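Working notes, structure below.
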Amino acid sequence: MKIAVLSGKGGTGKTLVSVNLAAVADKAVYIDCDVEEPNGYLFFKPTSIDTKKVTVQMPYAKAELCNGCRKCVNFCKFNALAYIANQLIVFDKVCHSCGGCALLCPKKAIFEKEKEIAEIQKGVSGNVTVITGILKVGELSGVPVIKMLLDVQDADNELTLIDCPPGSACIVMESIQDADYCILVAEPTLFGAHNLKMVHELATLFHKPHGVVLNKCLDGQNPSEELCRQEDIKILGEIPYDEVLGLLNSKALIAVRENDKYNKLFDSLLQTVIKEAQHETVVNS
Amino acid sequence: MRIAIPMNDKNLDAEVCPSFGRAPYFLFYNSVTKESEFLDNAAAASQGGAGVRAAQVIADYGVKALIAPRCGENAEKVLSNAEVLIYQSIPGSAQENIEALLAERLHLLTEIHPGFHGKQGV
């Protein structure tokens with residue numbers, strides 16, 4: 001079972017929720033898809049690290065073969081190619097490595113070279129297999145890294161927690177594509193509710209069964225909770241705005257491994273999520 | 001000499017568009033024949049690489065001078081390879097900018113920004 005944890009903005013508690021749900025399970029895989037700023041490994045401190053390079057294909061032209069027909073330039077929807085002064089210019093940072101230009105070239109003048117854009121680390125932390133994607137500084141798209149991250153995982157039947165990047169853009173869509181269930185983490189603010197609305201729309205658009213974890217809950221109004229009631233979104237659980245939890249987090253400790261109260265809270269949350277996800281699978285099959 | 005200017009409107013009295021790659025139109029002005037022509041910028045709605053595509057069009061038109069308030073690094077690379085000079089526009093209409101260029105009152109654009117790459121410009 002694959003469970004994606006997402007939120008419309010950073011800092012709402014995606015990592016807190018996904019790390020603790022993975023840690024409280026008997027056995028789980030944790031995948032950090034927040035490749036621009038992965039931080040789950042800071043909590044898990046995995047050992048026996050196995051490293052893999054992520055590369056993409058970058059086109060280049062052999063000038064002596066190119067006849068300047070510009071089929072490639074006109075084909076590229078990302079405008080990564082220009083043909084100026086009898087020379088093809090490739091803009092690596094604009095290129096999405098689709099390979100179309102090389103396929104299309106009637107003179108077979110376009111070749112591809114590998115370019116390293118990220119590293120994937122796989123390690124172990126107690127009951128959890130920790131897989132982390134680390135995008136190189138200056139790289140613009142983490143999508144190829146996420147594709148490979150989700151392939152690294154061996155067995156489909158294992159409980160997998162996918163810690164998504166913030167927001168609702170391409171990189172998040174890629175992260176939730178194979179998920180069986182989405183947990184949306186939300187803050188009790190107007191801004192939090194606005195961002196929750198965005199990821200709720202995304203999960204709905206992708207036909208992903210989903211529910212909300214209300215994080216940083218205080219007494220009084222919670223605009224995110226109100227949104228859930230209005231839109232009839234399932235509330236999976238609540239995490240209090242608590243100094244003890246904050247302190248554990250600030251020391252990069254995993255709450256469920258340190259504190260009984262949070263062990264119970266996340267264990268019960270995990271059971272709820274699994275039940276919800278299984279229920280949805282039955283209903284939809 | 002052919003001159004190009006990114007424009008918000010198809011009108012010589014209109015102001016220069018603040019964006020190069022995503023300007024709705026380009027004005028091409030021939031300083032010899034004094035003829036002007038407006039072209040829809042096909043790159044304006046591109047998801048990315050608008051500067052590259054727009055610069056390719058400018059180069060293909062045989063432009064020698066581009067007048068713009070700013071230019072991204074990708075577009076600059078295309079334009080410099082095509083030996084197009086980029087002049088910094090002054091506040092005012094396209095007509096005023098053309099006159100200023102011909103009177104040698106415009107300066108070459110020295111600051112090239114790293115591009116917005118899908119992010120909203122200021």
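The values are calculated or read from the model by the stated rules, or taken from the named source; none is laboratory data. As the structure is a computational prediction, the values presented were derived from the model and not from experiment. Quick reminder, even Gly has a Cβ in these numbers, built from the backbone with ideal geometry, and neighbours come from all protein chains shown. The accessibility values were calculated without ligands, DNA or RNA, using every heavy atom of the protein model including side chains. Shrake-Rupley method; radii C 1.70, N 1.55, O 1.52, S 1.80 Å.
Contact annotation: residue pairs with Cβ atoms under 8 Å, 6 or more positions apart or on different chains, pairing a residue in segment A:80-92 that is more than 7 Å from chain B (Cβ to nearest Cβ) with a partner that is among the aromatic types (F, W, Y) and open to solvent by 30 Å² or more (accessible area, probe 1.4 Å), are A:V90/A:Y60.
Evaluated against (1) open to solvent by 20 Å² or more (accessible area, probe 1.4 Å); (2) within 24 Å of A:K136 (Cα to Cα); (3) in the same structural domain as A:D178 (by TED's automatic domain parsing), A:D26 falls short on exactly one condition, (2). Taking the residues in segment A:160-173 that are farther than 19 Å from A:E116 by Cβ and open to solvent by less than 30 Å² (accessible area, probe 1.4 Å) as candidates, determine which candidate is farthest from the chain's Cα centre (by Cα). The selected residue is A:T160. Could you go through segment A:187-198 and let me know if any residue there is of a type in the set (D, E), more than 30 Å from A:D151 (Cβ to Cβ) and buried (at least 21 other Cβ atoms within 10 Å of the Cβ). Yes, some residue in segment A:187-198 is of a type in the set (D, E), more than 30 Å from A:D151 (Cβ to Cβ) and buried (at least 21 other Cβ atoms within 10 Å of the Cβ). A:K108 meets each of the listed conditions (1) within 30 Å of A:V29 (Cβ to Cβ); (2) in a loop (DSSP other than H, G, I, E, B); (3) among the basic types (K, R) apart from (1).
Within 13 Å of chain B (Cβ to nearest Cβ) and among the hydroxyl-bearing types (S, T, Y), is that true of A:S141? Judged against the criteria, A:S141 is a match. Mind checking whether some residue in segment A:251-267 is on the phi > 0 side of the Ramachandran plot and without any contact (Cβ under 8 Å) to a residue 60 or more places away in the chain? Checking segment A:251-267: not a single residue is on the phi > 0 side of the Ramachandran plot and without any contact (Cβ under 8 Å) to a residue 60 or more places away in the chain.
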